[in-house]
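The values are calculated or read from the model by the stated rules, or taken from the named source; none is laboratory data. Please read these numbers as outputs of a predicted model, since none were measured by experiment. So basically every Cβ, Gly included, is an ideal-geometry build from the backbone, and we count neighbours across all protein chains shown.
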C-alpha cells in the first residue's frame with residue numbers, strides 16, 4: 001500500500017455537556033452551525049483544502065447522527081479508493097476492549113488503523129472548533145523544522161490567557177514550557193488543540209502512556225508535558241485568524257452572530273475555501289409577501305413570512321406571519337408560529353414555537369422553572385423537537401427541554 | 001426498485017434564445033438552483049429506475065457537466081445507472097438528426113444492451129412531479145402496447161394547445177386518434193410525451209422507421225400503427241409545464257412563486273434532486289427588502305427584490321430594485337439599478353444606475369456574461 005504523508009484524526013467523541021440540551025442526543029461535532037453546516041464540517045473541509053485525504057473520525061458519545069452524517073465522506077470529497085473518511089468508534093477485541101479513556105487513549109486504540117496507512121505524520125484535530133486553516137502549511141513548517149511535534153497556537157487577550165493551555169516559546173518558536181490554565185500566564189499563546197506528530201514518535205509516547213496506570217491518557221495533560229520533559233523538539237505554529245471554541249451555548253450563539261456582522265468576523269461566502277456539508281434535496285428559500293429580513297442569513301428550504309433581524313436561520317425553517325425574530329439562532333426544521341416573538345435565543349432543530357409565544361423577551365426571574373446554569377448572558381435554549389405552547393412566556397436564561 | 005424498467009430521456013433542441021445558445025434546453029436553469037432535466041431525472045430515480053439513458057442532441061457539454069456521474073439522483077451505480085449518450089451521427093441517417101427516431105437509432109446499442117423489459121421515454125424539458133412507477137403498473141395492468149401520459153388542459157387558451165400533441169380517447173382511455181400540434185384542436189388532452197412500452201417494441205419501431213427513412217416517433221410510428229396496437233392514455237392531474245419558448249420559460253419560472261405549485265413540485269415524498277454547489281446561506285443586508293421571491297443560497301441581497309427568482313450567488317447592491325425577474329447564477333446587480341421583467345443568464349453584470357425594463361409578455365433576456 002502507498003504510505004501517506006499525513007493522516008488526520010478528528011476527536012469527535014466528546015459530549016459537550018456545556019451545550020446543555022443541544023447535545024442530549026447528538027455529539028457536539030454534529031451540532032448545527034452557521035445555517036447549513038455542522039461543527040465537524042469545518043475540520044473536514046479544512047482537511048480537504050489542505051490536501052489531506054485520509055481522515056479518521058473518532059466517535060463515542062451519541063454517535064448515530066454523526067456517523068450517518070459523515071457516511072462515506074462524499075460531501076467532503078472524502079470517498080476515496082485509498083484513504084477517505086473513516087468513522088472510528090471504540091471496539092471490542094480479544095479479551096480487551098474499552099471506551100476511549102481520554103484523547104490520547106482514543107488515538108492509541110486506533111494505532112492499528114494508522115498502521116494501515118503507514119503515515120509519516122499524524123494530524124490531531126478536535127471536532128468542536130470553528131475556523132478555516134491550511135493544515136498543509138503547518139505540515140510544511142513541521143517537516144522543515146524536523147520537530148517531533150508541532151502545536152498550533154494563537155494569541156489570545158492576556159486577561160483571558162488563564163483559561164487556556166498556554167505555550168511558552170523561545171524566539172524561534174520552539175516550545176519551552178506548557179502550562180494548563182496558568183494563574184499567571186507568561187505568554188498569551190494558547191494551544192488550539194491542533195497537533196502534528198511524527199508518527200513513530202507519537203506511537204512510542206502513546207504506547208508508553210498506556211502502560212502508565214496513573215496517566216489520564218490526555219494529550220494536554222500527559223503526552224505534551226512528557227515529551228517536553230524528555231527534551232523532544234516541539235515547535236509552535238502561529239495561527240492568526242478566526243478561531244472559536246463553541247463549547248458553550250453563549251459561545252455557540254456568539255459564533256453564529258459573528259457570521260452576520262458587516263463585514264462578517266467569519267466569512268462563509270468564500271469560494272476559495274468552501275465549507276462543505278451534506279446537502280439535502282431542499283428547494284431555494286421562499287420569502288412571502290409579509291417577510292422582512294435584515295442583517296441575517298437564510299438558507300435552503302426556509303419559508304419566511306415574519307420579521308427577522310440579526311439572526312441566523314437554518315435550512316427548512318418556517319417562520320409564520322407576524323412573528324418577530326431578533327438576535328437568534330433558529331436551527332434546521334424549526335417552526336415559528338404566527339405572532340411569536342423570539343429574542344436572543346437558540347431554537348433547537350425541529351422545535352416548534354407556538355403562536356404568540358414569547359421567547360427570551362421578558363427578564364430573568366428567580367422563580368423561573370426553566371432557569372439553567374448553561375444559559376448564561378440571558379440566552380434562551382429550546383431543545384430540538386421541543387414544543388413551546390401558544391402564548392407561552394419563556395423568560396431570558398431559560399432552557400426548555402422535552403420531558404422524559 | 002423498478003428493475004424491470006429503463007428510462008430514456010430525449011433532450012430536444014427547441015431554442016429559447018439567448019439562453020439555449022450555450023446549452024441544450026434541458027440544461028436550462030430553473031427555479032433558482034435547478035436545471036429543467038432535474039425534474040424528469042428525479043421522477044425516474046424516485047420511481048426506482050436504475051438504468052437511465054440521456055440521449056443528447058447538440059450543445060450538451062453543460063448538460064454533461066451538470067449530470068456527471070448521476071450521484072445526486074443516486075444513479076452512480078456499478079451496473080447501469082446513468083448514461084449520457086452523445087449523438088452517434090454514423091448511425092443516424094445522413095448524419096443529421098431530423099427527429100427523435102434518429103436520436104433513438106443513435107443509441108440503439110445502449111437500448112439493446114439494457115436488460116429491462118419496459119422502457120419509459122420522456123423529454124428533458126418538461127417540469128412535473130409524477131409517480132412514474134404507477135404509470136408502468138397501469139401499463140402492465142392494461143396489457144397496453146403503448147401508454148401515453150397526458151394532461152387535460154381544459155380551460156387553456158386554444159393557441160396554447162397547439163404547442164402539444166393531442167390525444168383523442170375513448171371511454172376506456174384507449175387512444176382513438178392523435179394530432180401533432182393541430183391548428184384547430186379537437187380535444188384538450190395534451191400528451192406529456194411520456195411513453196411507456198416494452199423495450200422490444202421500441203427497438204422494432206426504431207429499426208423499422210430507420211429502415212424506411214422515417215424520423216418521428218409519433219407521426220411515423222404511433223399514428224401509422226395505431227390501428228393494430230393497444231395504445232392507452234394515462235391521465236396526470238398534477239402540474240405540468242413544457243418549456244419550449246421564452247414565454248413558457250418565464251411563465252413556468254414565475255409559477256414557482258405560487259405556493260400551491262411549489263409545494264406540489266417540491267413535495268417531500270418525491271424530492272427533486274440537483275447537483276450541489278456548496279454555497280453558503282444567503283445574506284440579507286441592513287436595508288434589504290425581499291418579498292414574494294424564491295432565493296437560492298450564496299446570494300448577497302442589500303437592495304430590493306420583489307416577485308423574483310434568484311439563482312445561486314447573485315448579488316443585489318444597495319438601492320437596486322429587482323421586480324418580476326429571473327436572475328441566474330453569479331449575476332451582479334450594482335447600486336441603484338432598476339430591473340423589471342428581465343431574464344438574466346449567468347454572470348450578467350449591470351453597472352450602477354442602469355434601468356432595464358421588459359414586459360410580462362416579452363421579458364427582456366440577456367445572455368451569459370453580458371456587462372451593461
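Annotation: of all residues in region A:275-294 being over 22 Å from residue B:275 (Cα atoms) and either free of Cβ contacts under 8 Å to residues at least 24 places away in the same chain or surrounded by 20 or more Cβ atoms within 10 Å (Cβ to Cβ) (or both), the one that is farthest from the other protein chains (Cβ to nearest Cβ) is A:292. With respect to (1) more than 30 Å from residue B:21 (Cβ to Cβ); (2) within 25 Å of the chain's Cα centre (by Cα); (3) buried (at least 16 other Cβ atoms within 10 Å of the Cβ); (4) modelled with pLDDT under 90, the lone exception for residue B:217 is condition (1).
Every condition in (1) more than 14 Å from chain B (Cβ to nearest Cβ); (2) at pLDDT 95 or above; (3) farther than 24 Å from residue A:16 by Cα; (4) assigned to a loop (DSSP other than H, G, I, E, B) is met by residue A:362 except one, and the failing one is (2).
Here's the yes/no breakdown for (1) at negative phi; (2) out of contact with any helix residue (DSSP H, G or I) (no Cβ under 7 Å at 6 or more places or on another chain); (3) within 13 Å of chain B (Cβ to nearest Cβ):
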site	(1), (2), (3)
A:189	yes, yes, no
A:212	yes, yes, no
A:222	yes, no, no
A:261	yes, yes, yes
A:267	yes, yes, yes
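Residues in region B:262-305 that are in contact with a helix residue (DSSP H, G or I) (Cβ under 9 Å, 6 or more places away or on another chain), facing chain A (nearest Cβ under 7 Å) and touching a residue at least 60 places away in the same chain (Cβ under 8 Å): B:266, B:271, B:272, B:273, B:276, B:294.
Counting the residues of region B:21-62 that are under 24 Å from residue B:299 (Cα atoms) and away from chain A (no Cβ under 14 Å) gives 7. Residue by residue through region A:27-58, note down the ones that are more than 16 Å from residue A:77 (Cβ to Cβ), in contact with a helix residue (DSSP H, G or I) (Cβ under 8 Å, 6 or more places away or on another chain) and part of a strand (DSSP E or B). Residues satisfying the conditions are A:33, A:38, A:56, A:58.
Within region A:234-259, being more than 22 Å from residue A:294 (Cα to Cα), within 18 Å of the chain's Cα centre (by Cα) and either within 13 Å of chain B (Cβ to nearest Cβ) or surrounded by 16 or more Cβ atoms within 10 Å (Cβ to Cβ) (or both) holds for A:239, A:242, A:243, A:244, A:245, A:246, A:247, A:248, A:249, A:250, A:251.
Can you tell me which condition residue B:228 does not meet? The list is (1) more than 15 Å from the chain's Cα centre (by Cα); (2) within 14 Å of chain A (Cβ to nearest Cβ), and all the others hold. Checking residue B:228 against (1) more than 15 Å from the chain's Cα centre (by Cα); (2) within 14 Å of chain A (Cβ to nearest Cβ), the one that fails is (2).
Residue A:43 meets the conditions (1) surrounded by fewer than 16 Cβ atoms within 10 Å (Cβ to Cβ); (2) more than 14 Å from every other protein chain (Cβ to nearest Cβ) in every case but one. The failed one is (1).
Only one of A:73, A:13 is in contact with a helix residue (DSSP H, G or I) (Cβ under 7 Å, 6 or more places away or on another chain) and farther than 24 Å from residue A:258 by Cβ. Can you tell me which? I'd like the intermediate steps shown before the answer.
Details: A:73 fails: in contact with a helix residue (DSSP H, G or I) (Cβ under 7 Å, 6 or more places away or on another chain).
Residue meeting the stated conditions: A:13.
The combined condition, being in contact with a helix residue (DSSP H, G or I) (Cβ under 6 Å, 6 or more places away or on another chain) and on the phi < 0 side of the Ramachandran plot, is not fulfilled by residue B:200.
May I ask you to verify whether residue B:256 is touching a residue at least 60 places away in the same chain (Cβ under 8 Å), touching a helix residue (DSSP H, G or I) at 6+ places or on another chain (Cβ under 8 Å) and within 14 Å of chain A (Cβ to nearest Cβ)? Yes: the conditions hold for residue B:256. Has region A:312-328 got any residue that is modelled with pLDDT of 95 or more, at the interface with chain B (Cβ under 7 Å from one of its Cβ atoms) and either surrounded by fewer than 24 Cβ atoms within 10 Å (Cβ to Cβ) or on the phi > 0 side of the Ramachandran plot (or both)? No, that holds for no residue. Would you mention how many residues in region B:329-366 are in contact with a strand residue (DSSP E or B) (Cβ under 9 Å, 6 or more places away or on another chain) and assigned to a loop (DSSP other than H, G, I, E, B)? Summing the residues that are in contact with a strand residue (DSSP E or B) (Cβ under 9 Å, 6 or more places away or on another chain) and assigned to a loop (DSSP other than H, G, I, E, B) in region B:329-366 gives 16.
Exactly one of (1) in contact with a helix residue (DSSP H, G or I) (Cβ under 6 Å, 6 or more places away or on another chain); (2) modelled with pLDDT of 95 or more is unmet by residue A:178. Its number? Failed condition: (2). Considering region B:306-328, the residues that are in a loop (DSSP other than H, G, I, E, B) and within 12 Å of chain A (Cβ to nearest Cβ) include one that is farthest from residue B:32 (Cα to Cα), namely B:318.
Scanning region B:63-79 for residues that are away from chain A (no Cβ under 14 Å) and surrounded by fewer than 19 Cβ atoms within 10 Å (Cβ to Cβ) yields a total of 4.
Within region A:213-225, is there a residue that is buried (at least 17 other Cβ atoms within 10 Å of the Cβ), over 27 Å from the mean Cα position of the chain (by Cα) and either in a helix (DSSP H, G or I) or in contact (Cβ under 8 Å) with a residue 60 or more places away in the chain (or both)? Checked region A:213-225: no residue is buried (at least 17 other Cβ atoms within 10 Å of the Cβ), over 27 Å from the mean Cα position of the chain (by Cα) and either in a helix (DSSP H, G or I) or in contact (Cβ under 8 Å) with a residue 60 or more places away in the chain (or both).
A single member of B:235, B:203, B:198, B:193 is in contact (Cβ under 8 Å) with a residue 60 or more places away in the chain, within 29 Å of residue B:19 (Cα to Cα) and more than 14 Å from every other protein chain (Cβ to nearest Cβ), and it is B:193. With respect to (1) closer than 23 Å to residue A:392 by Cα; (2) within 10 Å of another protein chain (Cβ to nearest Cβ), the lone exception for residue A:297 is condition (1).
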